[in-house]
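Let me begin by presenting the structure, written as structure tokens, before commenting on it.
The values are calculated or read from the model by the stated rules, or taken from the named source; none is laboratory data. Just so it is clear, the structure is predicted and the values come from calculations on it, not from any experiment. A quick note on method: Cβ atoms are made from the backbone with ideal geometry, for glycine too, and the neighbour counts reach across all protein chains shown.
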């Protein structure tokens, strides 16, 4: 059975302790001496003490790390968040004043380092960090508003220009609206609750545009706690029809019209490796996972857990609310949940599942 060729649906970008000797002049890792210390701290933060990861990061990511090292707050944020190693680390670092003023420029530079680091999956054990499970609590947001910059591209190529985005706390209750510019990007501010019980912004984003197969609903099992720079891939009508036909030809008993795209993340907000997904409210739903290369989906029975980007597709879901549970395939331990995901048949749902917090 041939795998369905597909590429990463969602790439969420955010977020990295001291190193030692740095090669000079005759090294392929040469960098401006004025930023050598910052460079080393960033490398150490991302390599986590692994010699293989250290070598891969230096080899692949020199320019990205140099750019981050040029921004003092980028270095500090890398060290603090990678040390915290949980989805709320950025907000905690900011609210506890362990980093300075974090700007979108800082976040974008750090996102470039992180994106490059993802290119070392084996050397850096990308997608296998679970130390935060049940070990972190809701961070206190650093401010009462969060600035979000998000860019969209279409799966089959091209920037998503003129796409409308709405931030909604519930159906029919959308408070912020934006339209993407010529680069396929927009920037918006959303209000943030700063008390511990409701900390963050809770809700979903609805994305709509003439080229989309249908409106997209972007959801997550955790709130937004702080400023973010994100990049997301959208499904245009042409691509959607092609992939639906391919899926239908392989699994003709499954209704792929109401498909849900799920991305599972580990504690470093990397696509999770070796995680199994179940739908507790619809055990007969068909789930397919990304292949090891992160560039294809397979419907074969032995494709039983996530790899690559931590991506999965769920088909055959009846209308109504559903609960998804993600478990580490080896131990069976629950690593994340999505509760009351509403399937209406109107939206294409992209759901991000992050590691469980402490009870």
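Please find, within the stretch 42-53, the residue that is surrounded by the most Cβ atoms within 10 Å (Cβ to Cβ) out of those that are in contact with a helix residue (DSSP H, G or I) (Cβ under 6 Å, 6 or more places away or on another chain) and farther than 13 Å from residue 126 by Cα. Spell out how you get there, then give the answer.
Applying the first criterion (in contact with a helix residue (DSSP H, G or I) (Cβ under 6 Å, 6 or more places away or on another chain)) to the stretch 42-53 yields 42-43, 45-47, 53.
Add one more test, that the residue is farther than 13 Å from residue 126 by Cα, and what stays is 42-43, 45.
Values: 42: 29, 43: 25, 45: 25.
By that ranking, first place goes to 42.
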Is it the case, given these coordinates, that residue 218 is closer than 23 Å to residue 355 by Cβ and surrounded by fewer than 20 Cβ atoms within 10 Å (Cβ to Cβ)?
no
Report, by residue number, each residue of the stretch 338-359 that is assigned to a loop (DSSP other than H, G, I, E, B) and surrounded by fewer than 22 Cβ atoms within 10 Å (Cβ to Cβ).
344, 345, 346, 347, 356, 357, 358, 359
Only one of (1) surrounded by 17 or more Cβ atoms within 10 Å (Cβ to Cβ); (2) more than 18 Å from the chain's Cα centre (by Cα); (3) assigned to a helix (DSSP H, G or I) does not apply to residue 102, and that is (3)
Look at residue 269 and say whether it is in contact with a helix residue (DSSP H, G or I) (Cβ under 9 Å, 6 or more places away or on another chain), at pLDDT 90 or above and buried (at least 19 other Cβ atoms within 10 Å of the Cβ).
yes
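Matching residues to (1) out of contact with any strand residue (DSSP E or B) (no Cβ under 8 Å at 6 or more places or on another chain); (2) farther than 22 Å from residue 105 by Cα:
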site	(1), (2)
138	no, yes
147	no, no
160	no, no
175	no, yes
178	no, no
181	yes, no
186	no, no
202	no, yes
Can you pull out the residues in the stretch 187-205 that are buried (at least 20 other Cβ atoms within 10 Å of the Cβ) and either part of a strand (DSSP E or B) or touching a helix residue (DSSP H, G or I) at 6+ places or on another chain (Cβ under 6 Å) (or both)?
200, 201, 204, 205
Would you be able to say whether some residue in the stretch 2-12 is crowded, with 18+ Cβ neighbours inside 10 Å and either over 30 Å from residue 251 (Cβ atoms) or at pLDDT 95 or above (or both)?
no
Any hit, the stretch 233-254, residues being closer than 29 Å to residue 82 by Cα, surrounded by 21 or more Cβ atoms within 10 Å (Cβ to Cβ) and at pLDDT 85 or above
yes
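Looking only at the stretch 152-169, decide whether some residue is under 30 Å from residue 358 (Cβ atoms) and either under 17 Å from the mean Cα position of the chain (by Cα) or exposed (fewer than 14 other Cβ atoms within 10 Å of the Cβ) (or both).
no
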Restricting the search to the stretch 272-288, which residues are closer than 18 Å to residue 316 by Cα and crowded, with 19+ Cβ neighbours inside 10 Å?
276, 277, 279, 285, 286, 287, 288
For the stretch 107-132, which residues satisfy the criterion of being under 25 Å from residue 357 (Cβ atoms) and more than 17 Å from the chain's Cα centre (by Cα)?
124, 131
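Search the stretch 307-335 for residues being at positive phi and within 18 Å of the chain's Cα centre (by Cα), and hand back the single one that is surrounded by the fewest Cβ atoms within 10 Å (Cβ to Cβ). Before you say what the answer is, go through the steps one by one.
Keep residues of the stretch 307-335 that are at positive phi, which gives 308, 310, 316, 320, 332.
Filter once more, keeping what is within 18 Å of the chain's Cα centre (by Cα): 308, 310.
Details: 308: 22, 310: 29.
Filtering the stretch 307-335 for residues that are at positive phi and within 18 Å of the chain's Cα centre (by Cα), the one surrounded by the fewest Cβ atoms within 10 Å (Cβ to Cβ) comes out as 308.
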Extreme residue, nearest to the chain's Cα centre (by Cα), among residues of the stretch 170-186 that are assigned to a loop (DSSP other than H, G, I, E, B) and under 16 Å from residue 216 (Cα atoms)
184
